[in-house]
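Participant: Quick one: this structure, given as structure tokens, is what I'll be asking you about.
The values are calculated or read from the model by the stated rules, or taken from the named source; none is laboratory data. All values derive from a computational prediction rather than experimental measurement. All Cβ positions, even for glycine, are placed from backbone atoms using ideal geometry, and neighbour counts span all protein chains on display. We work out accessible area using only protein heavy atoms, side chains counted, and drop any ligands, DNA or RNA first. Shrake-Rupley method; radii C 1.70, N 1.55, O 1.52, S 1.80 Å.
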Amino acid sequence: MSSYLQQKDGVFPSVCSLDCPDTCGLLVHKKDGKIIKVAGNPDHPVTKGAICNKVRNLPTRLYDPSRLKYPLKRTGPKGSGEFIRIDWDEAIQLITDQWKTLLAEHGAECILPYSFAGNMGRINMLGAGQRFFHRLGASRMERTICNVAGNTGFSFTMGGSFGVDPEDTVHSKLVIIWGCNAVSTNMHQVVFAEQARKKGAQIVVIDVHKNQTGRWADWFIPIMPGTDAALALGMMHILFAEGLVDEGFLSEYTVGAEELVEHVKQYDPESVSAITKVPVEDIYKLARLYARTTPSYIRIGNGPQHHDNGGMFARTLACLPALTGQWKYRGGGATRENGGFSALNNQVLTRPDLQEKPTRLINMNLIGEALTELDPPVYSLYVYNSNPLVVAPDGNKVRKGFEREDLFTVVHDLFLTETARYADLILPATSSYENMDLYTSYWHHYLHLQHPVIESYGESKSNLQVFRLLAEAMGFEDEVLKESEEKIITDLLNYPENPYLTSITLEELQEHHFVKLDRQARPLLPNGFTTPSGKIELYSEQMKEMGYPALPTYIPIQEPDTYPLLLVTAPNHNFLNTTFSLQEKHVSMEKGPYLYLHPEDAQKRGITHQEKVRVYNDRGECELVAWVSETVLPGAAVTQGLWSDQAGTKRLVNTLTPGRLADMGGGAVFFSNRVEVEKIVV
Ligand SMILES: Nc1nc2c(c(=O)[nH]1)N[C@H]1C(S)=C(S)[C@@H](COP(=O)(O)OP(=O)(O)OC[C@H]3O[C@@H](n4cnc5c(=O)[nH]c(N)nc54)[C@H](O)[C@@H]3O)O[C@H]1N2
Ligand SMILES: Nc1nc2c(c(=O)[nH]1)N[C@H]1C(S)=C(S)[C@@H](COP(=O)(O)OP(=O)(O)OC[C@H]3O[C@@H](n4cnc5c(=O)[nH]c(N)nc54)[C@H](O)[C@@H]3O)O[C@H]1N2
Ligand code: SF4
Ligand SMILES: [Mo]
């Protein structure tokens with residue numbers, strides 16, 4: 001529908017492309033061919049015209065004078081930010097010449113793509129690159145930085161990322177937001193919970209930090225980082241001990257209730273309180289409130305699964321609603337993510353069959369190690385949709401890797417990010433408003449089609465366009481590497497294996513812009529669970545076979561206690577990961593970065609409120625401003641946001657975080673991180 005491009009003025013339906021569960025329907029206002037305003041689409045059934053401040057200020061990002069306009073080639077040392085302009089022909093030639101040489105000398109596996117979710121469009125996030133790199137025979141990257149531990153854990157219990165329809169949560173009578181900073185990261189869940197609250201629902205927030213979400217709750221429960229599974233098991237202990245479980249539901253829809261009753265006896269409230277620092281009486285109060293309120297809904301956040309035990313946390317929490325039979329009620333149950341409902345025909349997108357043989361798989365959370373220690377080495381890195389120098393754990397090791405003179409690095413982005421500064425070649429990327437793509441949400445149940453609204457900025461190109469050019473220059477004749485967006489989207493939607501998707505077509509999306517999945521095509525009850533047993537698995541034979549405890553279990557985090565404080569480096573309100581961290585407007589809206597510290601811990605170290613502090617461990621250090629308050633428990637500390645370090649500051653929090661992997665799925669363990677703090681004496 002190129003007509004959007006031909007109309008220089010007007011208001012056009014669109015969708016937010018950012019890595020946020022809400023996937024808002026947008027209305028983009030255009031004047032003289034430029035976007036002058038971004039607003040919510042009031043017709044969207046979930047997001048209903050409301051959008052966050054970040055995206056309301058999107059035009060300042062799209063037309064930021066520092067946005068990249070043309071390809072650049074490095075002239076100074078890596079990291080110096082010294083580049084000269086080149087044209088696209090030269091850029092593509094340089095990349096493919098280098099790759100052809102590397103292919104001949106070392107084989108294609110010395111090339112590694114690194115990408116994540118800067119743009120959530122199915123084509124530009126997943127397809128465009130993966131099909132190309134499969135054809136090239138490059139090493140493959142495991143996409144593990146975000147949610148994999150939690151989703152794997154939840155799936156052991158529930159069979160997949162299948163939770164409550166968020167629109168149904170207006171009917172909930174108890175909403176537990178568990179390790180989710182929803183006011184900042186899932187604002188429409190807050191809107192639904194508010195509607196439920198008006199009808200009498202209570203809102204409980206369980207978090208390590210009393211941030212804006214905790215302040216909004218009716219009851220805020222502070223907890224020590226990485227101990228949530230113990231709290232959930234303590235609740236189960238009370239539910240069974242006091243006969244508050246739904247026996248009928250347990251016998252009909254679950255396996256393992258008998259084993260679980262015995263197993264949770266060890267998690268008595270006193271022991272659980274010692275682990276979690278949640279008072280014994282609060283554990284009782286929470287368990288009884290949970291037992292007596294129907295329907296109850298648990299929004300399981302991403303935070304607690306960024307720990308060593310993150311998979312087991314989600315696996316454990318997923319068991320709770322079954323104990324009181326919540327899945328029977330509209331608005332009852334839990335949601336980790338809902339991506340299972342919107343599964344697409346990903347094989348036609350990513351085309352693993354284009355590989356001659358399966359190539360080596362490199363976990364993106366180990367990128368520092370991969371670049372500095374892997375044998376045979378990685379000699380070329382192609383980064384798109386991501387900013388690893390800031391977002392990846394064990395940041396100093398990552399930087400060491402990027403500094404390697406024998407590493408040929410290409411970065412495709414809209415801005416000169418920290419990562420781009422280490423590139424040999426930089427390619428300018430279009431924004432999602434310049435492309436056609438298909439969007440699914442990992443929370444609500446709508447699919448969206450994005451049409452290009454504005455012309456490409458400067459000489460920028462989309463991921464798909466760049467991979468087409470690279471394929472051509474590499475001499476790859478495969479038709480699949482030349483496919484149009486329309487063709488790819490049509491194929492993606494053609495996926496009879498997903499019953500929730502069957503009726504949705506490109507034509508329908510073109511007409512309506514967003515279309516709801518058919519949730520009733522296979523309801524979870526009575527037999528929609530996709531676990532091996534077809535039931536909710538409180539006991540999991542599959543886990544046992546894989547070497548995990550078969551029953552939900554609390555396993556303490558692995559970080560040695562060399563340093564005394566557990567530091568959670570969570571996202572902030574006005575950035576989206578590092579997106580917006582280079583926009584003056586967003587930086588000025590976001591105060592900080594602060595280090596939230598309990599008064600006891602501050603006093604011990606002679607630190608006063610708003611004093612500059614140095615946060616350190618063996619991996620790295622950071623300079624932040626102390627915010628002394630009881631918003632965190634003694635022994636815990638929190639900082640928010642993945643800030644830029646380009647102004648010579650020292651605030652890359654990932655220089656501190658561990659490069660270990662979580663218990664499940666190879667997930668990242670950003671928050672199982674111990675540090676010490678001292679005041680900076682000037
Ligand atoms: N404004 C904004 N929105 C975003 C993002 C952003 O950067 N900024 N990022 C997007 C992305 S990629 C994602 S994955 C989601 C993440 O959004 P969320 O699901 O909200 O996850 P986090 O913000 O990582 O962490 C949520 C909360 O978990 C708490 N927490 C940390 N450790 C623990 C723990 O052990 N136990 C408990 N109970 N709480 C803990 C943190 O204090 C935080 O308040 O948000 C998306 N939306
Ligand atoms: N300490 C700590 N670290 C974390 C987290 C945390 O909570 N704490 N959160 C983690 C999580 S949950 C996640 S998901 C990751 C996120 O990590 P990333 O996915 O790397 O997130 P962003 O920093 O937003 O980087 C996205 C980049 O993609 C670029 N981009 C946007 N659209 C396009 C496009 O169409 N094409 C190309 N080529 N580029 C584009 C943007 O300009 C931006 O520079 O960070 C993780 N890191
Ligand atoms: S970042 Fe999230 S809340 Fe903001 S507009 Fe995009 S989808 Fe909506
Ligand atoms: Mo994420």
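Participant: Against the longest alpha carbon principal axis of the chain, how many degrees, from 0 to 90 and to the nearest 10, is the axis of helix 148-158 turned?
Facilitator: In the chain, helix 148-158 runs at an angle near 50 degrees to the longest axis.
Participant: For the pair Ile36/Asn396, report the inter-label distance in nm, with labels modelled 7 Å from Cα in the Cβ direction.
Facilitator: 5.1 nm
Participant: Using per-residue counts of other Cβ atoms within 10 Å, averaged over each peptide, order 629-635, 583-589, 435-441 from highest down.
Facilitator: On the way: 629-635: 18.0, 583-589: 16.4, 435-441: 24.4.
In decreasing order of mean packing, 629-635, 583-589, 435-441 become 435-441, 629-635, 583-589.
Participant: Using Cα atoms only, what is the angle between the long axis of helix 463-474 and the major principal axis of the chain, expressed in degrees (0 to 90) to the nearest 10?
Facilitator: 50 degrees
Participant: Cα-based Rg of the stretch 3-62 per 2.2 N^0.38 Å, rounded to two decimals? Can you show the working numbers first?
Facilitator: Values: Rg = 11.3 Å, N = 60, 2.2 N^0.38 = 10.4 Å.
In units of the 2.2 N^0.38 Å rule of thumb, it is 1.09.
Participant: Given +1 on the Cβ of Lys and Arg, -1 on the Cβ of Asp and Glu, and no further charges, what dipole in debye does the stretch 306-385 carry about its Cα centre, rounded to the nearest 20? Mind dumping the intermediate values first?
Facilitator: Values: 7 positive and 7 negative charges, 122 e Å.
Using Cβ point charges on Lys, Arg, Asp and Glu, the stretch 306-385 gives about 580 debye.
Participant: So how much slack lies between Lys516 and Glu90, counting 0.36 nm per residue of separation and subtracting their Cα-Cα distance, in nm?
Facilitator: Numbers: separation 426, 0.36 × 426 = 153.36 nm, distance 4.46 nm.
Between Lys516 and Glu90, full extension yields 148.9 nm more.
Participant: Could you give the length gained by full extension between Asp64 and Val280, i.e. 0.36 nm per residue of separation minus their alpha carbon distance, to one decimal place? Before the final figure, lay out each step's value.
Facilitator: On the way: separation 216, 0.36 × 216 = 77.76 nm, distance 5.25 nm.
Result for the pair: 72.5 nm of gain on full extension.
Participant: Compute the long axis of helix 280-292 from its Cα atoms, compare it with the longest principal axis of the Cα atoms of the chain, and write down the angle in degrees, 0 to 90, nearest 10.
Facilitator: 80 degrees
Participant: If you average over every viewing direction, what projected area does the convex hull of the Cα atoms of the stretch 255-395 give, in nm²?
Facilitator: On the way: hull surface 55.5 nm².
Value for the stretch 255-395: 13.9 nm².
Participant: When all alpha-carbon pairs of the chain are counted, what percent fall beyond 51 Å? Could the numbers behind the result be given before it?
Facilitator: On the way: 18894 of 232221 pairs.
Cα-Cα pairs of the chain separated by over 51 Å account for 8 percent.
Participant: If I model a spin label at Arg292 and Gln542 as a point 7 Å from the Cα along the Cα→Cβ vector, what separation in nanometres do I get?
Facilitator: 3.7 nm
Participant: Under 11 Å from a label point 7 Å along Cα→Cβ of Leu525: give me every residue in the stretch 243-263 with its amide N that close.
Facilitator: Taking a point 7 Å out along Cα→Cβ of Leu525, the residues of the stretch 243-263 whose backbone N falls under 11 Å are 248-250, 252-253.
Participant: May I ask you to list the residues of the stretch 99-138 whose amide nitrogen lies under 17 Å from a point 7 Å from Cα along the Cα→beta-carbon direction of Lys357?
Facilitator: 103-111, 134-138
Participant: Then there is this: Starting from the eigenvalues of the Cα gyration tensor, five times each then square-rooted, give me the equivalent ellipsoid semi-axes of the stretch 565-679, largest first, whole Å.
Facilitator: Values: eigenvalues 87, 77, 32 Å².
Semi-axes (√(5λ), whole Å): 21, 20, 13.
Participant: Report the calculated FRET efficiency for Glu676 and Glu472 (r = Cβ-Cβ distance, R0 = 56 Å), to the nearest 0.05.
Facilitator: Details: r = 54 Å, r/R0 = 0.96.
Result of the calculation: an efficiency of 0.55.
Participant: With θ set to phi - 60° and the Karplus curve 6.51 cos²θ - 1.76 cosθ + 1.60, what are the ³J(HN,Hα) couplings of the stretch 187-192 in order, to the nearest whole Hz, using x for Gly and Pro?
Facilitator: Values, residue by residue: 4, 6, 5, 5, 4, 4 Hz.
Participant: Considering only protein heavy atoms, with the full assembly of protein chains and a 1.4 angstrom probe, order Thr502, Thr569 by accessible area, largest first. Intermediate results must be reported in sequence, preceding the final value.
Facilitator: Values: Thr502 90, Thr569 10 Å².
Final ranking, largest accessible area leading: Thr502, Thr569.
Participant: Now, a different point. If I take R0 = 45 Å and measure r between the Cβ atoms of Ala104 and Lys591 in this structure, what FRET efficiency does the formula 1/(1 + (r/R0)^6) give, to the nearest 0.05? Walk me through the intermediate numbers first.
Facilitator: Values: r = 53 Å, r/R0 = 1.18.
So the FRET efficiency works out to roughly 0.25.
Participant: Count the DSSP beta bridges whose two residues both fall in the chain, then state the antiparallel fraction as a percent rounded to the nearest 5. Before the final figure, lay out the partial values.
Facilitator: On the way: 39 of 85 bridges.
DSSP beta bridges in the chain are roughly 45 percent antiparallel.
Participant: Now, a different point. Rounded to the nearest 0.05, what FRET efficiency do Glu258 and Gln558 have when you use their Cβ-Cβ distance and R0 = 35 Å? Mind showing how you got there, number by number?
Facilitator: Numbers: r = 31 Å, r/R0 = 0.89.
Computed FRET efficiency for Glu258 and Gln558: 0.65.
Participant: Over all distinct Cα pairs, what is the inverse of the mean 1/r for the stretch 395-482, reported as the Kirkwood hydrodynamic radius in Å?
Facilitator: On the way: mean 1/r = 0.0643 Å⁻¹.
About 15.6 Å, per the Kirkwood formula over Cα pairs.
Participant: Then there is this: For a protection proxy built on the mean count of beta-carbon atoms within 10 angstrom, sort 314-324, 670-680, 5-15 highest first, please.
Facilitator: My ranking of the peptides, most packed first, is 314-324, 670-680, 5-15.
Participant: A further question follows. Ranking request for peptides 105-116, 32-43: highest mean number of other beta-carbon atoms within 10 Å first, then the rest in descending order.
Facilitator: Working: 105-116: 19.8, 32-43: 15.2.
In descending order of packing, they fall as 105-116, 32-43.
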